[in-house]
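Comments concern the structure below.
The values are calculated or read from the model by the stated rules, or taken from the named source; none is laboratory data. Please read all numbers here as calculations on a predicted model, not as lab measurements. Positions of Cβ are backbone-derived with ideal geometry, glycine not excepted, and every protein chain shown enters the neighbour counts. Surface areas here come from the heavy atoms of the whole protein model, side chains and all, with no ligands, DNA or RNA. Shrake-Rupley method; radii C 1.70, N 1.55, O 1.52, S 1.80 Å.
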Amino acid sequence: MSMSTTAHPSTESKEHRLKSYLRERAEDGELYFKGKFIADDVGMSPKEIGALMVKLSESATDLEIEKWSYTSATTWRVEPA
């Protein structure tokens, strides 16, 4: 139980950071991006971003998130809901 308790805030914090970043960047309309290009901005690896994007696409009510295309890495499309 303590393992999930200590790991959970870290994931939650990263999820919140990514969601805030996306909300800010998409407030004027659509945003298209690849995780590897925003990794430094949000302080996460492209792999972490990809995993969180899947999670956010299912849970975020204020953002519309979809996988847009795949060419050497997934391109994501985000816009305000």
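Key figures for this structure:
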item: Whichever residue in the stretch 22-40 is open to solvent by 90 Å² or more (accessible area, probe 1.4 Å) and closer than 19 Å to residue 12 by Cβ and, among such residues, is farthest from the chain's Cα centre (by Cα); result: 24
item: Residues (of a type in the set (Ser, Thr, Tyr) and farther than 13 Å from residue 81 by Cα) located in the stretch 22-70; result: 32, 45, 69, 70
item: Contacts under 7 angstrom Cβ, first residue in the stretch 69-81 being surrounded by fewer than 15 Cβ atoms within 10 Å (Cβ to Cβ), partner of a type in the set (Val, Ile, Thr), 6 or more apart; result: 69/75; 81/61
